């Protein structure tokens, strides 16, 4: 597998940061060849050279777009299910005419309002079913249906109750709408009893946190749902849930595609230093350094066949911090809520660049799963992570390694300095692991938290595992209660990673989850993970409060600030705006302190999302619990929060019902409303073969053009031809073994 230093060939990740080079050069001469490489194929095969022509064909075809294998990442781009191309006349009689999007971003919090306009051009009543994508981070907070001059505002109800109310109203001939969540990033809207000539507008609102992706905040509004592989049995199903997985697609060259209108306002407590859109031509207006308005350049609208992506930066030379407020009086201006609490967001933003000399000394504790299920590529990728991080350590850093399977053992009884000799011992220990035995994760975590640590150092605990355990709830609790002032990161690797464990542990530890499900995606994930963990900017952070009434912080313990990870602290208060927040910590060797009087925080109607996102953070914790035990009490608590804060969840839905019956008898046609094919994706990407639908997996806006589809078919054919020629000219299997399965860079 290629060297990590050439990771641009594996997904376009950037090369090692400049400050990494001195670390490598200081240790490389003493520790052998450059360490940041994955094991060669000969090593993975136990030391035998692998010269089968068909293996060569297989490896070469990995260089080209593959079919039916989705990218896996913990921080997902909005991705949806598979679609079919359809020419149904009933669909044409009820087209989606326009999508209008209004976005208000407050720092990293986005409030999105989406309005979709339809018209029944047919001659009979219909029920429309429209499936649409959204971010996995979205908190859907409301829906309004407008038909003619009538406006019906949806109410949030428990999911089963909402479906029953919708079906009853539909049979009674009343106009009604239902909004449900089917997957974390796929929603559906049912609109019943749309009469001939009716103009229908469905408006929904959602909030989301804008993620930091490769040092830039990246807001994505998904307008299409990319193809997804499904089985022939699923495809043939006629149930409504089957359509959620297999909605209808229009060819994106259709001139009647719905138009896309967009307006965005960015308001930040920190000056905006960069703002671009790689997908659309935009116009920007800066009323002040911390505010920007974004619109699409004047056209007759844009076809809704590609995601809208906006990237922006808020960094300066020093860590920046700001406080956003949503006081109770501002809430009552926005809606009729009776909530008397105020909500806030404290945002701590890392600097754009870091000087190596300012990086604080640190301690790394690796918890490496070497059980039987890790044998093969999961363990080899985990070794690459450990090796890369070890060789980035400075002599002032310290580390330790804990290996666990059926039992646990450590490299040393306490953290040891990152000297060349200690690094050599560590590399040899990790390199000799092959995988075997059970997976006693809980005892390994207990052992890790009981180990002594160096006071005054930034401590980071790194867990590398496939997560094949059944003690998740106990593990979450153990991490929350014992983390103290440590950072905790979970790196999941394997073809079927236990995501509930990896993401739950990351939330419990205040870290960022990383998941790799295939060797092809390893180089970028390892590079991102290593870069993140290698750059602690501010350490020993603490947040204290002056004034009664400030409560309900999330997270309670403030993690260290890393270059690739801003810190967001949500909270609420009761009463007046009195009191202050005090943030303290260290940047390198110097103290960092800043006070934020609540009364001086930036307050605005645009911060409306703070209330629901605070609730969503609590629901996420309950979702972790429910994923582990499916306890009905936990589900009820999710439903209660969903109803109180008007949120779409796994337990709640939105339903809107008109009081007037317009369709006596309730007879109607069901229309599966189509979405356009993603830009650049041919209808060839959607076809039924012997095993189901064979199509291209697209992620976000990264769809493949038709030429790429053609080449992905052509090149394997050429390779087979060359391989057959090769078989006729060269002997196979005469290579000598290279050794006993050790890493080529072993000391």
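Most simply put, region 342-493 has about 20% antiparallel DSSP beta bridges, counting only bridges with both residues inside it. For a Förster distance of 41 Å, can you work out the FRET efficiency between the beta-carbons of residue 339 and residue 520, rounded to the nearest 0.05? That pair, residue 339 with residue 520, gives E of 0.30.
Among 199, 182, sorting on how many other beta-carbon atoms sit within 10 Å of each Cβ, with the fewest leading, yields 199, 182. Counting 0.36 nm for each residue step from residue 640 to residue 407 and taking away their Cα separation leaves a gain of 79.7 nm.
Normalised by the number of residues in region 378-513, the average gap of Cα pairs under 8 Å and 6 or more apart makes the relative contact order 21 percent. With each label modelled as a point 7 angstrom along the Cα→C-beta vector, the residue 443-residue 151 pair spans 6.4 nm. With a simple spin-label model that places each label point 7 Å from the Cα along the Cα-to-Cβ direction, the separation between residue 291 and residue 576 comes to 2.8 nm.
When every Cα-Cα distance of region 448-519 is counted in 5 angstrom steps from zero, the calculated P(r) takes the values 3, 18, 27, 24, 15, 9, 4, 1 percent. The order of 491, 308, going from fewest to most other C-beta atoms within 10 Å of their C-beta, is 308, 491. On the beta carbon distance between residue 164 and residue 481, with R0 = 35 Å, the FRET formula returns roughly 0.25. Per residue, the convex hull around the alpha carbon atoms of region 130-219 comes to 109 Å³. Considering region 340-429 at the alpha-carbon level, its Rg and Dmax are found to be 17.8, 61 Å. With the simple spin-label model, which puts each label point 7 Å out from Cα in the Cβ direction, the residue 284 to residue 124 separation comes to 5.3 nm. Residues 606, 160 in ascending order of nearby Cβ atoms (within 10 Å, fewest first): 160, 606.
Computed over region 95-174, the range of Cα coordinates on each principal axis works out to 46, 31, 23 Å, biggest value leading.
Highest mean first, the peptides 498-511, 112-125 sorted by other C-beta atoms within 10 Å per residue fall in the order 498-511, 112-125. Residues of region 493-536 falling in the label zone of residue 554, defined by backbone nitrogen less than 20 Å from a point 7 Å along Cα to beta-carbon, are 500-513. For the pair residue 414 and residue 394, the difference between a 0.36 nm per residue extended length and the Cα-Cα distance amounts to 5.4 nm.
Judged by the ratio a/c of the largest to the smallest principal axis of the C-alpha gyration tensor, region 490-553 counts as oblate, that ratio being 1.5 or greater while a/b is no larger than b/c. Its Cα gyration tensor gives region 456-592 an equivalent ellipsoid; the semi-axes, largest first and in whole Å, are 31, 19, 12. Over every Cα atom in region 511-588, the radius of gyration and the widest Cα-Cα span, Dmax, amount to 17.1, 55 Å.
Once the Cβ-Cβ distance of residue 454 and residue 496 is raised to the sixth power relative to R0 = 41 Å, the FRET efficiency obtained is 0.65.
Every read-out reported here was derived from the displayed coordinates using simple, explicitly stated rules and does not represent laboratory data. All values reported here derive from a predicted model rather than from experimental measurement. Neighbour counts run over all protein chains shown; Cβ positions are idealised from the backbone, glycine included.
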